[in-house]
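The values are calculated or read from the model by the stated rules, or taken from the named source; none is laboratory data. The shown structure was predicted, so the numbers you read here are calculated from the model rather than taken from an experiment. Note: ideal-geometry Cβ built from the backbone for every residue, glycine included; neighbour counts use all protein chains shown. Calculation scope for accessible area: heavy atoms of the full protein, side chains included, ligands and nucleic acids excluded. Shrake-Rupley method; radii C 1.70, N 1.55, O 1.52, S 1.80 Å.
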Amino acid sequence: MNVLSTSFCPPIVTLLMDLYEIRGGRLDVIAEEAEHQDRELTTMEPHDMVSDRGRGRPCEASTFQRFSVDTNESLRFEPCEDISPSPTGAVDGRDDNDVFKEGDIQVGIQCEIVTIRNELQEKVAEMENFASHLEEIFLTVEENFGRQEQHLEQHYNDVLQTLSQRYDDRAAGLEEEKKSKLEALYGQLLTCGQTLDATKELIEEAQEIYRNQDKRLFLKVSYLLCDFAKGETDLTLSTDLEFNTPLADLSDVKAMMDSINVVPAPSAPVINPQIPNSATEMSLRVCWSLFSDDTVEYYELYYRPVLEDTPADSNMKETHCTVTDLLPNAQYELWVTATNTTGISPASEKALYMTVPSPPLIKQRECTSCPEAALIRWESGNTNPVDSYTVELSEMGTDGTENAITESVVAVPTCQCLIQLQAGRHYLISVRAVNIGGPSDRSEIITVSTTGTFFYLLEDTAHPCLSISEDGFTIFYGDEELPISAMALDDNTFTRCVAVLGDVIPVRGRHYWEVEVDDGTEFRIGVAYEDTERSSYLGANNTSWCMRHILTPSRHKYEFLHNGWSPDLRITVNPVRIGVALDYKGGTLSFFNVDLDQHLYTFHCHFQNYVYPCFGLDSPGALTVHNSIEAPDYAFI
């Protein structure tokens, strides 16, 4: 890059120098103040950052972002806890109300400082962007001036070279003409000299004869002199003395001189690569530039979806354009030309832009939760791949409204995300798809509760004789026989035991759910590994643990089966609502009679892998799963 000398320093240079001084001085000071405020906020006591919720004065709404690169990575959001007042009831002679009021004032001041700091940071960013833009303009003007100067110098050299060539050609022509004229005159001069010499000799000979008085010979010579005298002498010049001076054809020189003042056709524009967040679902913001001082009347932008042939076009006078009525999450080819009175520039190189994706589709029947976390699954809803996904969640207030604090889990690479949450809360969760164009609109919002474990039944594992209710929590086993055509089975379907698995969240914590049964129905309930044998009965192998109810002519029999073995137990009161408590850390699986708060049996096993709830019917009937229930106190004693 050429550096301008101080002797030629236009006003824009002074302006840029001032801006550089601002960027290097004042803006740095602002940045240092912002960092100092960050350190103060970090070292501040918790009661200075969070207002007392009992007084109903929360701090201003904030948005937090965290990053996840692995769907199995759990990210925990810890809001500030409430700080109880001092147990002494007074500080430095002041009562609690004075302390709380000062705390509220301090919290308000800190929130205002944060707001002002954020505004200053935005203004700093705007000023830096503006200074960078001016710097680019300055460099562009300097480069354009250099190119224009080179262009003018090239024209000047071309004109001088053409005139010099014409001069050399004309001088060579004159030299040739001069040579031919001189040669002709010299030849004529030689002829005249020869004639004079012959005449002189003849006269001298006649005089000699006359002196000798030889009259006869004198008369003879006299006749010769008479004949010579009577002959005509050619006294005309053999060449024209005037030089041939044709008019010089300087039309091409004139055209070259005129071309200096003629506006040239524009050079090819340069279309800029797509910048992040420059699109919507149906529009694209496109920018381009010219690296010369070309005069342009208008630009013409062409665009088309990739793999299509016919482009659309649009005319504009600015070097930017917003293209609308496009397809979501589609890739487009764009190029631009510039036009003035002289002609049209070559087309720019093609650039690829993408519109924002469509909102993802949350698979609500595949979303599960527990008191500590939630697993959210969704479909992309887009034909083209997206860069990542963003999961947004906010806590639901007691009045059913959305909390002002929103948390975002960003850079999720796949269509599922495991998020750690706080127990006993209700959350509103949505998902956005993200590509270079920006984030999509958020998906349909779902409500997730962390009061207990919540899951749906895995219908693809259900035996063909089982029917699942529309809400997904009740299974039915009818007494009618199914035709062979309806018994289509696959590798994931139970074939012998009329059973189905539940999709519990893969979190090694505590899980609790309840099952409502009819005492006239034979059933099996418990847990099993995902790869438990589908051709085996629940409890008959080493990959499943279950409670079994058997009807005999004399009594109701209950077994607690694992690997085909059960202890000898007798239950006197038939449970109608059975609680199941799974504790990974404790390595236990317990069953309870919920109506009596009665413990029935506990399996002790350190589960190596995640287990899934399982439900089976050995006779026609039905059972209903109740989940998202807070575990009773006795469940994990």
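For Phe607, are the conditions met, namely being aromatic (Phe, Trp, Tyr), over 16 Å from Val507 (Cβ atoms) and surrounded by 14 or more Cβ atoms within 10 Å (Cβ to Cβ)?
no
Quick check: is even one residue across the stretch 573-587 open to solvent by 70 Å² or more (accessible area, probe 1.4 Å), closer than 20 Å to Gly509 by Cα and within 56 Å of the chain's Cα centre (by Cα)?
Scanning the stretch 573-587, I find at least one residue that is open to solvent by 70 Å² or more (accessible area, probe 1.4 Å), closer than 20 Å to Gly509 by Cα and within 56 Å of the chain's Cα centre (by Cα), so the answer is yes.
Among (1) β-branched (Val, Ile, Thr); (2) farther than 27 Å from Tyr456 by Cα; (3) assigned by the TED database to the domain that holds Ile446, there is one condition Ile344 misses while meeting the rest; what is its number?
(3)
Criterion first (modelled with pLDDT under 95 and of a type in the set (Val, Ile, Thr)) does Val625 satisfy it?
Considered against the rule, which asks whether it is modelled with pLDDT under 95 and of a type in the set (Val, Ile, Thr), Val625 comes out as no.
Given (1) part of a loop (DSSP other than H, G, I, E, B); (2) without any contact (Cβ under 8 Å) to a residue 60 or more places away in the chain; (3) within 15 Å of the chain's Cα centre (by Cα), where does Gln274 come up short, assuming only one miss?
Checking Gln274 against (1) part of a loop (DSSP other than H, G, I, E, B); (2) without any contact (Cβ under 8 Å) to a residue 60 or more places away in the chain; (3) within 15 Å of the chain's Cα centre (by Cα), the one that fails is (2).
So Ile446 fits all but one of (1) over 20 Å from Ile505 (Cβ atoms); (2) in contact with a helix residue (DSSP H, G or I) (Cβ under 6 Å, 6 or more places away or on another chain); what number is the exception?
(1)
Which condition from (1) touching a residue at least 24 places away in the same chain (Cβ under 8 Å); (2) farther than 19 Å from Phe473 by Cβ is the one that Arg577 breaks?
If we test Arg577 against (1) touching a residue at least 24 places away in the same chain (Cβ under 8 Å); (2) farther than 19 Å from Phe473 by Cβ, just (2) comes out false.
Does Ala373 meet the test of being more than 28 Å from the chain's Cα centre (by Cα), under 27 Å from Glu530 (Cα atoms), open to solvent by 50 Å² or more (accessible area, probe 1.4 Å) and outside the structural domain of Pro620 (by the TED database)?
Criteria not met by Ala373.
Take the stretch 278-304 and flag every residue that is modelled with pLDDT under 90 and open to solvent by 80 Å² or more (accessible area, probe 1.4 Å).
Hits for the stretch 278-304 are Phe291, Asp293, Glu297.
For Asp471, state whether it is over 28 Å from Ile419 (Cα atoms) and either touching a strand residue (DSSP E or B) at 6+ places or on another chain (Cβ under 6 Å) or outside any strand (DSSP E or B) (or both).
Criteria not met by Asp471.
If you scan the stretch 411-425, which residues turn out to be in a strand (DSSP E or B), of a type outside the set (S, T, N, Q) and surrounded by fewer than 17 Cβ atoms within 10 Å (Cβ to Cβ)?
Of everything in the stretch 411-425, just one residue is in a strand (DSSP E or B), of a type outside the set (S, T, N, Q) and surrounded by fewer than 17 Cβ atoms within 10 Å (Cβ to Cβ), namely Ala411.
If we keep just the residues of the stretch 489-518 that are farther than 15 Å from Cys546 by Cα and β-branched (Val, Ile, Thr), which is surrounded by the most Cβ atoms within 10 Å (Cβ to Cβ)?
Val504
May I ask you to list the residues in the stretch 425-454 that are of a type in the set (Phe, Trp, Tyr) and at pLDDT 95 or above? Working first, answer last.
Taking the stretch 425-454 first, the residues of a type in the set (Phe, Trp, Tyr) are 427, 454.
Phe454, the sole residue that qualifies.
Which members of the stretch 545-575 meet the condition of being touching a Phe, Trp or Tyr at 6+ places or on another chain (Cβ under 8 Å) and part of a strand (DSSP E or B)?
Listed by number, the residues that qualify are Trp545, Cys546, Met547, Arg548, His549, Ile550, Phe560, Leu561, His562.
Say we look at the stretch 426-472 and pick out the residues that are β-branched (Val, Ile, Thr) and open to solvent by 60 Å² or more (accessible area, probe 1.4 Å); which of these is farthest from Pro371 (Cα to Cα)? Give the steps one after another, and end with the answer.
The first filter runs over the stretch 426-472 and keeps only residues β-branched (Val, Ile, Thr), leaving 429, 431, 434, 436, 445-448, 450-451, 453, 461, 468.
Still in the list and also open to solvent by 60 Å² or more (accessible area, probe 1.4 Å): 436, 445, 447.
Values: Ile436: 36, Ile445: 20, Thr447: 14 Å.
Here the answer is Ile436.
Checking Asn563 against (1) polar (S, T, N, Q); (2) open to solvent by less than 60 Å² (accessible area, probe 1.4 Å); (3) under 56 Å from the mean Cα position of the chain (by Cα), which single condition isn't satisfied?
Among (1) polar (S, T, N, Q); (2) open to solvent by less than 60 Å² (accessible area, probe 1.4 Å); (3) under 56 Å from the mean Cα position of the chain (by Cα), the lone unmet condition for Asn563 is (2).
Limited to the stretch 502-540, what total is found for residues that are farther than 20 Å from Phe592 by Cα and of a type outside the set (Lys, Arg)?
So the answer is 13.
Which members of the stretch 384-410 meet the condition of being more than 21 Å from the chain's Cα centre (by Cα), over 21 Å from Thr453 (Cβ atoms) and surrounded by 14 or more Cβ atoms within 10 Å (Cβ to Cβ)?
The initial filter retains those residues of the stretch 384-410 that are more than 21 Å from the chain's Cα centre (by Cα), namely 393-407.
From the residues that got through so far, the ones that are over 21 Å from Thr453 (Cβ atoms) too are 394, 397-407.
If the condition is that a residue be more than 21 Å from the chain's Cα centre (by Cα), over 21 Å from Thr453 (Cβ atoms) and surrounded by 14 or more Cβ atoms within 10 Å (Cβ to Cβ), then Ser394, Asn403, Ala404, Ile405, Thr406, Glu407 are the ones that fit.
Just the residues that are open to solvent by 10 Å² or more (accessible area, probe 1.4 Å), touching a residue at least 12 places away in the same chain (Cβ under 8 Å) and under 51 Å from the mean Cα position of the chain (by Cα), please, taken from the stretch 523-540.
Tyr529, Glu530, Asp531, Arg534, Ser535, Ser536
Scan the stretch 345-388 for residues that are in a strand (DSSP E or B) and touching a Pro at 6+ places or on another chain (Cβ under 8 Å) and report the count.
Adding up the residues that qualify gives 5.
Could you grab me the full set of residues in the stretch 309-324 that are touching a Lys or Arg at 6+ places or on another chain (Cβ under 9 Å) and either part of a strand (DSSP E or B) or within 17 Å of Ser289 (Cβ to Cβ) (or both)? Walk me through how you get there before you give the answer.
Let us first name the residues in the stretch 309-324 that are touching a Lys or Arg at 6+ places or on another chain (Cβ under 9 Å), namely 310-312, 320-323.
Within the stretch 309-324, Ala312, His320, Cys321, Thr322, Val323 meet the criteria.
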